[in-house]
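Working notes for the structure below.
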């Protein structure tokens, strides 16, 4: 049986469409491949990526996600993804602060699920989980009309003793002690980000993952696989077209 | 005509299997700390704090093998009996454990909250009962604690915590 060559028009159409579709990805492959081959010369390992969209692809966060509040005058209390920082240094794990009470010996930071005690210098003293407290959810730190600290919780108001060891129910008026937002400078932001997720991403890592398609997860990898298959098909359809022309020319 | 099981049925089945899988559990509260303290004493204990000076922090670092983060530790006391709720990382997550010590002798140990995906067998009495009656001898437990295959890191963490509880008891009652 004689193998029939595909029609010229079919071959050309397939070749053209495959070429157009895969061109975008081929350009990406070529450019990233060229850059990766010259990593040292281009210093790709020294360039850090700070783009929030790209960082989020790696489960990382950018500096804009940091919440900061004023503590002890000029220091800052910051929160980023389940971690609290005192003036840029890791303090304790915990949720976003909902209250702060400063006193002479130590200060108390309230999060929804814990009380965190720190010295005036920002040294961690103790963390008290709500499991050890007579309530389940902390809402605010408030003060009584006499100026004593109070905890406003899902189970009413509670008054701590001077050392914050025992808590007793409180009924009466109170005013919430607000948290004062603070701006942190670039150095502080970088310090928090480095403590939280290391030195971040290099351009080399991003280009390598763009080259392989991994930057876009399973979908990106599949597209790059299909691009590789498209290249093989382009080569095949190109050779088939050329052979067809040669065979016809002999006849 | 018999109906074929729908895709929803399979999704439900997978979700149910995920829920039943012990490896999928993130945080298991076996005993609320409050309930542990209530069961540790006859009557109401006094809640106290032990402030850690530099010397105590150094001793704790020797016991734990890493610096202890914190300047005070909360405990409960009635007479010569103390109860401690301490935490230590097994592999990557904290294990919350309760200890009761009387006259320098470990009375009981219970895993209260377990957060690791492996090694939760340490909560069973066949393991925790080994700590009953233990005392500190030259900074170490007087008897070797038998491990559990596949839970070595959790066993080591709890052994360190038991030494810490006995040490802290000594400091608190002296």
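Please treat every number below as a calculation from the coordinates, not as lab data. Values in this document were obtained by computation on a predicted structure and should not be read as measured data. For neighbour counting, all protein chains shown are included, and Cβ atoms are generated from backbone atoms with ideal geometry for every residue, glycine included.
Translational diffusion coefficient of the range A:95-209 at 25 °C, 0.890 mPa s, Stokes-Einstein with Kirkwood Rh over Cα pairs, in µm²/s as a whole number.
Details: Rh = 16.2 Å.
Calculated translational D: 152 µm²/s.
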Pick from A:42, A:12, A:26: which is most flexible by mean-square fluctuation in a GNM of chain A where alpha carbon atoms under 10 Å apart are linked? A:12
Taking every residue of B:30-36, the Cβ atoms of other protein chains inside 10 Å of its Cβ average out to 2
Considering all projection directions equally, how large on average is the shadow of the alpha-carbon convex hull of chain B, in square nanometres? 13.5
How far apart, in nm, are the 7 Å Cα→Cβ label points at residue A:42 and residue A:70? 4.7
Which peptide among A:107-113, B:168-174 comes first, and what is the full order, when sorted by highest mean count of other Cβ atoms within 10 Å? A:107-113, B:168-174
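What order, most packed first, do the peptides B:65-71, A:122-128, A:224-230 have when packing is the mean number of other Cβ atoms within 10 Å of each residue? Mind dumping the intermediate values first?
Numbers: B:65-71: 14.1, A:122-128: 19.0, A:224-230: 15.7.
Averaged packing, sorted descending, gives the order A:122-128, A:224-230, B:65-71.
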With each run of n ≥ 4 DSSP H residues scored as -39500 (n - 2.57), what mean residue ellipticity at 222 nm is computed for chain A after dividing by its residue count and rounding to the nearest 500 deg cm²/dmol? -12500 deg cm²/dmol
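Quote the relative contact order of chain B in percent (integer), defining contacts as alpha-carbon pairs under 8 Å separated by 6+ residues. Mind showing how you got there, number by number?
Values: 264 pairs, mean separation 35.6, N = 174.
Rounded, it is 20 percent for chain B.
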Histogram of C-alpha separations across the range A:14-156, 10 Å bin width, %: 10, 27, 22, 13, 10, 11, 6, 1, 0
Taking only Cα atoms, what is the 0 to 90° angle, nearest 10, from helix B:54-64's long axis to the longest principal axis of chain B? 40
Averaging over every viewing direction, what projected area does the convex hull of the Cα atoms of the protein assembly as shown cover, in nm²? 37.3
Between helix A:186-197 and chain A: long-axis angle, C-alpha atoms, 0 to 90°, nearest 10: 70
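Test of understanding: what is the full-extension gain from residue A:30 to residue A:216, defined as 0.36 nm times their sequence separation minus their Cα-Cα distance? Present the calculation step by step, with values, prior to reporting the outcome.
Values: separation 186, 0.36 × 186 = 66.96 nm, distance 1.77 nm.
Stretched fully, the residue A:30-residue A:216 segment lengthens by 65.2 nm.
For residue A:225 and residue A:17, what does the FRET efficiency come to when R0 = 22 Å and r is the distance between their Cβ atoms, rounded to the nearest 0.05? Present the calculation step by step, with values, prior to reporting the outcome.
Numbers: r = 18 Å, r/R0 = 0.83.
Once rounded, the FRET efficiency stands at 0.75.
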The range A:114-164 - convex hull of the alpha-carbon atoms, volume per residue in Å³: 87
Here the whole-number average of other chain Cβ atoms within 10 Å per Cβ of B:66-73 is 4
Which residue fluctuates the most in chain A, going by a Gaussian network model with Cα springs under 10 Å, if the choices are A:116, A:20, A:71? A:20
Report, largest value first, the span of the C-alpha coordinates of the range A:154-251 along each principal axis, in whole Å. 105, 34, 22
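Could you tell me whether chain A comes out rounded, prolate or oblate from its Cα gyration tensor? Rule is a ≥ b ≥ c as square roots of the eigenvalues, rounded for a/c under 1.5, then prolate if a/b exceeds b/c, otherwise oblate.
prolate
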Measuring from the longest principal axis of the C-alpha atoms of chain B, the long axis of helix B:7-20 (C-alpha) lies at a number of degrees, nearest 10, equal to 20
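Take peptide A:122-132, look around each residue's Cβ out to 10 angstrom, count Cβ atoms belonging to other protein chains, and average those counts. Let's see the in-between values first.
On the way: counts 0, 3, 3, 8, 9, 3, 1, 5, 0, 10, 9.
Partner-chain Cβ atoms within 10 Å, mean over residues of A:122-132: 5.
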Inter-label distance for residue A:236 and residue B:173, nm, one decimal - labels placed 7 Å from Cα along Cα-to-Cβ: 8.2
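Shape of the range B:46-123 from its Cα gyration tensor (a ≥ b ≥ c, root eigenvalues): rounded if a/c is under 1.5, otherwise prolate when a/b > b/c, or oblate?
oblate
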